[in-house]
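The values are calculated or read from the model by the stated rules, or taken from the named source; none is laboratory data. Here the structure is a predicted model, which means the values were calculated and not measured. Cβ placement follows ideal geometry from the backbone for every residue including glycine, while neighbour counts extend to all protein chains displayed. Side chains included, ligands, DNA and RNA excluded: accessible areas come from the protein's heavy atoms. Shrake-Rupley method; radii C 1.70, N 1.55, O 1.52, S 1.80 Å.
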Amino acid sequence: MRIIWMVLLPIWLTAQDYGLKSLITHAHQNNPMIKATELNTQAKSKELEAAKSAFWPALDIGGSYSRVNPTTLVNPGEVTSGYATVSMELYDGGRKSAFTRAKRFEYSASLFEQEAFAKNLSLKVIDHYYTVRKLQAMLSALYGQSKELKAQLDRIRKFHAAGLATQEDIDKLVAVYENNRYTIENTKLALETRMENLRLESGLPVDTLKKSMFKEPHNVTFEPYENSKILKATANALNENANAINAGYLPQITIQDTYSRSDYDNLASSPGLDPSSILLDHQNQASVSVSMRLFDNGKMKKEKEALQYQKLALESEREYRINEQKMQFRLSQKNLQTIQAKLKSARSELTSAQSTYRAIVKKFENGLVDNIAYLDALNNQTLAKARFDETRFDYEIAKSIHYYYAGKDPKEFIQ
């Protein structure tokens, strides 16, 4: 039984259909580019931890071995030594604190970048999903038209055999039928291309799709999305880096303690004098150092100013991006209204085309209209059906874009 289940499970997994929310969720969890942004965030987290660790004392150990020739009383032939040094910056003008704050802002920016990429990925999946639905609707309409043309072609051939139709009538229908077959193949290629893109982005073996729709946008409030937040966090990081550079003009105080041990061999001898008595085998040295930059021709000052100008540039860009988002938000609202009007028009057009086709096909079958009138009516019905379905799915895409420019995650509004 277990073996049968192991065989059937992969088949069941590949055979199931997927809704839009499950496609987006799986993409967010498994898309390699999403993982890349997550790894970048982890890298920024480690940089922040490293900056925090700079406040702790540092412990260094080392050793050396030297051999010289000739030897003297104070210069043994062989010296082996080892040391341990503990050092700590008592005061650095706030450089480490500013640098840590900068790393914290960079980490925040990486989180916003991760969220922004996830939302952009959602939009890509949404676009592929509804384009697939549009192409499937078009393909269905084309198959329906092909079926109608085949039926009428068979009927006209019977009439031709009975001397009631001309070869020209058959040739016209055959030409339209073959052109429709070409359109079907072309649409199938476009459909498969979009399906492959959907599989690539979602990481799922998509074959069939469940019906998914977005909630109707009502009283959607505006909030800046991640792009402007990234710019703000990056600007803050630059400001803190500027502060860290400026700290270089303040006193730098470091305390250090070093303990060393040495071993000497091949000592030079001297009558009445023991060389080991003048060579230290261990030593402890404590020191405090104070340094301060008095002159560098404005080097660090100019570096600070350069970062501040970059900060101002990002703040200006952030202001522009927010205004741009507000504009897109307003336009997306108007686009929804436009597509709603188009949807009503497309629905009326479809109803009219279907009604006209039903009337024309009866007349055509009774010989009251020619095949040109019939083909026009059939083509108009097919186009009207495709246009109606396309508008329906364009409306869903427009809703997702409206939520996106409102600063929301479109995934949260899928029904």
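Using the Cβ-Cβ distance between Ser316 and Asn379 with R0 = 45 Å, the FRET efficiency computed as 1/(1 + (r/R0)^6) comes to roughly 0.25. Legend: P(r) of the range 214-266 from all alpha carbon pair distances, 5 Å bins from 0, whole percents, reading 4, 11, 9, 9, 9, 9, 7, 7, 7, 6, 5, 5, 4, 3, 2, 2, 1, 1, 0. Rolling a 1.4 Å probe across all protein chains gives Ile34 an accessible area of roughly 10 Å². Relative intensity of the range 81-231 on a log10 scale, I(q)/I(0) at q = 0.11, 0.21 Å⁻¹, equals -0.75, -1.24, per a Debye sum over C-alpha point scatterers of equal strength in the absence of solvent. Simple rule: put +1 on each Lys or Arg Cβ and -1 on each Asp or Glu Cβ in the chain, find the dipole, and look at Thr41, Tyr374, Gln325; the Cα lying farthest toward the positive end is Tyr374. Pairs of Lys residues in the range 308-415 are counted when their Cα atoms are under 24 angstrom apart and they lie 8 or more places apart or on different chains; the count is 19. Within the range 345-415, the proportion of C-alpha pairs whose separation exceeds 21 Å stands at 47%. Model label sites at Ile184 and Leu39, defined 7 Å from Cα along the beta-carbon direction, differ in position by 4.6 nm. The charge dipole of the range 315-412, taken about its Cα centre with unit charges on the Cβ of Lys, Arg, Asp and Glu (plus for the first two, minus for the last two), comes to roughly 360 debye. Taking only the C-alpha atoms of the range 62-105, the Rg (one decimal) and the largest Cα-Cα distance, Dmax (whole number), read 21.1, 60 Å. In plain terms, if you count all Cα to Cα distances in the range 288-405 and split them into 5 Å steps from zero, the share in each step is 2, 10, 10, 9, 8, 7, 7, 6, 6, 5, 5, 4, 4, 3, 3, 3, 2, 2, 1, 1, 1, 0, 0 percent.
The listed residues Val68, Val74, Val79 rank as Val74, Val68, Val79 when sorted by accessible area, largest first, using a 1.4 Å probe. Pick out, from Phe117, Pro57, Tyr91, the residue whose Cα sits farthest towards the positive end of the charge dipole of the range 52-136, with +1 on the Cβ of Lys and Arg and -1 on the Cβ of Asp and Glu. Going by the charge dipole, the pick is Phe117. In this calculation the C-beta distance from Asp154 to Glu196 is compared with R0 = 30 Å, giving a FRET efficiency of 0.25.
Taking every alpha-carbon pair under 8 Å whose residues sit at least 6 apart, the chain reaches a relative contact order of 26 percent.
Among beta bridges from DSSP that stay inside the chain, the antiparallel ones total about 95%.
The base-10 log of I(q)/I(0) for the range 224-335, evaluated at q = 0.15, 0.23 Å⁻¹, reads -0.84, -1.16 [Debye formula, identical scatterers on Cα atoms, solvent excluded]. Farthest toward the positive end of the dipole of the chain, out of Tyr405, Thr80, Gln136, is the Cα of Gln136, where the dipole comes from beta carbon charges about the Cα centre.
In the chain, the longest principal axis of the Cα atoms and the axis of helix 226-246 are about 10 degrees apart. Here the range 95-216 is assigned +1 on the Cβ of each Lys and Arg and -1 on the Cβ of each Asp and Glu. Its dipole about the Cα centre then comes out at about 820 debye. Principal-axis analysis of the Cα atoms of the chain puts helix 95-161 at an angle of about 20° to the longest axis.
Length gained on full extension, Ala58 to Asn75: 2.9 nm, using 0.36 nm per residue less the C-alpha separation. Extension gain for the segment Tyr259 to Asn323, taken as residue separation times 0.36 nm less the Cα-Cα distance, is 16.8 nm to one decimal. Within the listed set Leu59, Leu135, Leu383, the Gaussian network model of the chain (springs between alpha-carbon atoms below 10 Å) gives the highest mean-square fluctuation for Leu59. Taking a Cβ cut-off of under 9 Å around Leu343, the surrounding Lys, Arg, Asp and Glu residues balance to a net charge of +3, with basic ones at +1 and acidic ones at -1.
Here the ratio of the Cα radius of gyration of the range 145-256 to 2.2 N^0.38 Å is 2.56. Taking the C-alpha atoms only, the angle from helix 299-365 to the longest principal axis of the chain is near 20 degrees. Computed extension gain for Glu216 through Ser22, at 0.36 nm per residue and net of the alpha carbon distance, reaches 67.8 nm. Neighbours of Pro224, meaning other residues whose beta-carbon lies under 12 angstrom from its beta-carbon, give a summed charge of +2 when Lys and Arg score +1 and Asp and Glu score -1.
Calculated on the Cα set of the chain, radius of gyration then Dmax: 38.7, 143 Å. Listed peptides 323-334, 346-357 appear in the order 346-357, 323-334 once ranked by packing, highest mean of other Cβ atoms within 10 Å at the front.
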